[in-house]
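**Q** Submitted below is the structure of interest, expressed as structure tokens.
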Amino acid sequence: MAPERVIYLRLAYDGTRYAGWQIQPEEPTVQGVLMETLAVLEKAPVKVVGASRTDAGVHARGQGASFCTSSSIPPRGYLRGLNSLLPEDLAVREAREMPQGFHARFSARGKHYRYRIWNEERRDPLECRTAWHRLRALDLEAMARGAEHLVGRHDFESFRAASCDRENAVRELTRVEISADGPLVAVDVEGTAFLKHMVRILVGSLVEVGRGRRPPGWIAQALEQRNRASAGPTAPACGLCLERVFYDELA
């Protein structure tokens, strides 16, 4: 029997019709579709692990996934074979054989998320699946000042879903930046690890600042209070995209 190999996949998907990454009964999920498709190539069930359990409706340009196999299929074979079978809203962008012990989730040393906001009175139907439409102009300078409070190592208890099951809410963010290209506003967030709905709550809170409903310093106060009710609303899933997962092996 051939020795087991570890295969890494970089995935991109439009999450609109999926109930998130993780397999759920009677719901289409990214993990479920990928495993079903891999089983066709492997002619046997294959367990795939992902770097991030993206929520329902969340997109990805750089989701990391990995699986073990004793097959002799080369990485390019997985790239071409999977893309010939997967639906149009899910694609493999890269396939590599990795060292033994590599794990898409546990080997990750950080992630980059981008949240997109279409900030114009007129909606754009080409952006409706991938951006949050906000009609009134946002104060991006105030949002940037509020974002400064989020960088560093903090207890993000106020910025996670009530259903989050992680015991510890301490996380480290290395980057929270606001930028704009015409009416398209982007919030880029990088960190070592994230909590359930964390980026979406951060964005919802920053938008409250951008609307003038809260001062930039309110973000720091919300952090200190460690209470979900102290922060802003959860931004819609449609605007969030997992851009990249960082691995030492792929640096």
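Nothing in this text is a laboratory measurement; each read-out follows from the coordinates by a stated rule. It should be emphasised that the depicted structure is a prediction, and the values quoted were computed from it without experimental measurement. Note that we place each Cβ from the backbone using ideal geometry, even for glycine, and neighbour counts take in every protein chain shown.
**Q** In square nanometres, what is the average projected area of the Cα convex hull of the range 1-142? It would help to have the intermediate numbers written out before the result.
**A** Values: hull surface 42.8 nm².
Projected area, direction-averaged: 10.7 nm².
**Q** Okay, moving on. In nm², what is the average projected area of the convex hull enclosing the Cα atoms of the chain? All intermediate terms of the calculation are to be shown ahead of the outcome.
**A** On the way: hull surface 57.0 nm².
That works out to 14.3 nm².
**Q** How are the C-alpha pair distances of the range 79-185 spread across 5 Å bins, as whole percents from the shortest bin up?
**A** 2, 8, 12, 13, 15, 16, 16, 11, 5, 1, 0
**Q** Could you order peptides 99-112, 192-205 by the average number of other Cβ atoms within 10 Å of their residues, highest first?
**A** Details: 99-112: 15.6, 192-205: 22.2.
Highest to lowest by the protection proxy: 192-205, 99-112.
**Q** How high is the relative contact order of the range 2-57, given as a whole-number percent (alpha carbon pairs under 8 Å, six or more residues apart)?
**A** Details: 63 pairs, mean separation 20.5, N = 56.
It comes to 37 percent, rounded to a whole number.
**Q** Add -39500 (n - 2.57) for each DSSP H run of 4 or more in the chain, then divide by its residues: what number comes out at 222 nm, to the nearest 500 deg cm²/dmol?
**A** On the way: 5 runs with 54 residues, N = 251.
Calculated at 222 nm, the ellipticity per residue is -6500 deg cm²/dmol.
**Q** Work out, step by step, the length gained on full extension between GLU243 and ARG129: first 0.36 nm times the residue separation, then minus their alpha carbon distance; give nm to one decimal. Write down the numbers at each step before the final one.
**A** Working: separation 114, 0.36 × 114 = 41.04 nm, distance 1.62 nm.
Separation in residues times 0.36 nm, less the Cα-Cα distance, equals 39.4 nm.
**Q** Step through the residues of the range 184-198 one at a time and calculate ³J(HN,Hα) from phi using the Karplus curve (6.51 cos²θ - 1.76 cosθ + 1.60, θ = phi - 60°), rounding each to whole Hz and writing x for Gly and Pro.
**A** Per-residue couplings from phi come out as 8, 9, 10, 10, 9, 10, 10, x, 6, 6, 9, 9, 4, 6, 4 Hz.
**Q** Continuing with the same structure: In whole Å, what are the Cα extents of the range 75-131 along the three principal axes, biggest one first?
**A** 52, 31, 12
**Q** Right, something else. Going by Cα centres, the range 100-174 and the range 227-251 are how many Å apart?
**A** Cα centres, the range 100-174 to the range 227-251: 4 Å.
**Q** Residue separation times 0.36 nm, minus the C-alpha to C-alpha distance between LYS196 and THR174: what's the value? Intermediate values should be presented prior to the final figure.
**A** On the way: separation 22, 0.36 × 22 = 7.92 nm, distance 1.81 nm.
Extra length from LYS196 to THR174 when fully extended: 6.1 nm.
**Q** Could you identify which residue out of ALA12, ALA235, ALA161 has the top mean-square fluctuation in a GNM of the chain using Cα springs shorter than 10 Å?
**A** ALA161
**Q** Under 19 Å Cα to Cα from LYS47, which aspartates and glutamates show up? Leave out anything in the same chain fewer than 8 places away.
**A** GLU4, GLU26, GLU27, GLU36, GLU94, GLU97
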